[in-house]
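Next up is a structure, given as structure tokens.
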Amino acid sequence: MERALIVILPFITLVIVALILAPSIVSLVGDAARGVVQEEPVQTQAPIEEEGFAHISQAEEQAILEEETLSSPGPTPSQSPQLSPEPMEQSYSGVLTGWQNIGGVTYYYDDDGLPLTGLQLIKGKLYFFDQYGQCAKALGIDVSFYNGFINWPAVAAQGIDYAILRAGGRGWETGLIYEDEWFQRNLMEAKIAGIDIGVYFFSTATNPLEAQQEASYVLECIGGMDLELPIFIDVEYSGDYPRGRADKLSNTEREVIINAFCRTVIDAGYEAGVYSGEYYYKNNLDYNSLSKYTIWLASYTKSARLPDFPGRYDMWQFTDSGLVSGITGIVDMNVSF
């Protein structure tokens, strides 16, 4: 009996398992058969979870974008793009306008694409452009007792880079040295305002000794103060030509006098320069012997034209009737290119 049960029992187990699994097998076979013959139903409306941004408000769209930004990994690091040179400012018509740097030279073009010339006020500051539109690198003034009180912060705010101050002079009749009573105040206040300073002395010396005295007087006036610009000897015709004491000197005598003044200045550790008008330089001075000094040229041309001067000049006094904030009345103005 036991032997019979051992033989029959496995078959009974298999039958019981078959009966349990039969419904599932039948269901799987039926689903597979139906999948072969039935088509996917056509959707007349997209499922809600697949709706695009066209069906939501801007606020919801922004919220989704922010969420995706937070949940998505950051972009793969890449090389930063190289910035191209800043394009020149152009008007709607395509012409250049405003400040332009072309070939290392600075210009300013108006709305019609034309370069400005002469003395111009741009956004509260003064600039000088020659007849070709080239902007001067520095704009300056020279002042004396005749200009009276000067508001130096206002002068600096309008774009004046430097000032040449008169320390004094020598009378063309008496031959006596006189001080410029505004010099010390101008020297201190211009320095405080951040303006570069140079100094000049109106000379009527008739010999080298007097020229040395004039230079020594200037050195005493500045008291060892550092200057950014030279100390100039001003040589020109007297206000009572030809009766001034130095009006009839020869070119050689003037050369000796100027060299005596400049040597005294240089020996004291300062730069030396010469100031005069274009006609005086050409007819009363030996320019070649003076070119080793800083040349300050006075020449009042029309239409901002550069002087027709055969030699080098470092500073150009282009007008004696400039208008600058902080100064009552007119003032001499200068440029350096």
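The values are calculated or read from the model by the stated rules, or taken from the named source; none is laboratory data. On a predicted model such as this, the values are computed, not experimentally measured, just so you know. Positions of Cβ are backbone-derived with ideal geometry, glycine not excepted, and every protein chain shown enters the neighbour counts. For accessibility, only protein heavy atoms count, side chains too; no ligands or nucleic acids. Shrake-Rupley method; radii C 1.70, N 1.55, O 1.52, S 1.80 Å.
With the other protein chains left in place, how much accessible area per residue, in square angstrom, belongs to segment 163-265 at a 1.4 angstrom probe?
Averaged over the residues of segment 163-265, the accessible area is 44 Å².
Note down the nm distance, to one decimal, between modelled labels 7 Å out along Cα→Cβ at Asn251 and at Glu179.
Each label point is offset 7 Å from its Cα along the Cβ direction, giving 3.9 nm.
Follow-up question, since we're still on this one. Between segment 198-277 and segment 155-177, how far is it from one alpha carbon centroid to the other, in angstrom?
Going from one Cα centre to the other spans 13 Å.
Here's something else I'd like to know. Around Phe145, under 11 Å between beta carbons, what's the net of Lys plus Arg minus Asp minus Glu among the other residues?
Charge balance near Phe145 sits at -1.
Among the chymotrypsin sites (Phe, Trp or Tyr not before Pro) in segment 238-311, which ones are in a DSSP loop with at most 14 other Cβ atoms within 10 Å of the Cβ? Mind listing them?
Within segment 238-311, the qualifying chymotrypsin sites (Phe, Trp or Tyr not before Pro) (loop, at most 14 other Cβ atoms within 10 Å) are Tyr300.
Restricting to DSSP loop positions (anything but H, G, I, E, B) with no more than 10 other Cβ atoms inside 10 Å of their own Cβ, which chymotrypsin sites (Phe, Trp or Tyr not before Pro) remain in segment 88-174?
Tyr92
Could you compute the net charge surrounding Ala215? Neighbours are other residues with a C-beta less than 13 Å from the C-beta of Ala215; K and R count +1, D and E count -1.
-4
Based on the mean of other Cβ atoms within 10 Å per residue, sort peptides 209-215, 318-324 so the most packed one is first.
By packing density, highest mean first, the sequence is 209-215, 318-324.
Under a point spin-label approximation (7 Å from Cα along Cα-to-Cβ), what is the Ile102-Leu209 distance to one decimal in nm?
Here the answer is 5.9 nm between the modelled labels.
Give, in nm to one decimal, the length gained when the segment between Ala268 and Gln120 is fully stretched (0.36 nm per residue of separation minus the Cα-Cα distance).
49.4 nm
For Leu306 and Met188, what does the FRET efficiency come to when R0 = 35 Å and r is the distance between their Cβ atoms, rounded to the nearest 0.05?
That gives a FRET efficiency of 0.50.
Of the heavy-atom accessible surface of segment 183-312 (probe 1.4 angstrom), what whole percent is carbon and sulfur?
48
Follow-up. Which entries of Lys137/Lys191; Lys125/Lys302; Lys191/Lys282; Lys137/Lys292; Lys248/Lys282; Lys191/Lys302 have Cα-Cα distances beyond 25 Å here?
Lys191/Lys282; Lys191/Lys302
Return the distance in nm (one decimal) between the two label points of a simple spin-label model at Asp320 and Asp240, each offset 7 Å from Cα along Cα→Cβ.
Placing both labels 7 Å beyond Cα along the Cβ direction yields 1.8 nm.
In segment 220-270, which GluC sites (Glu not before Pro) fall in coil by DSSP and have 14 or fewer other Cβ atoms within 10 Å?
Listed in order of number, the matching sites are Glu228.
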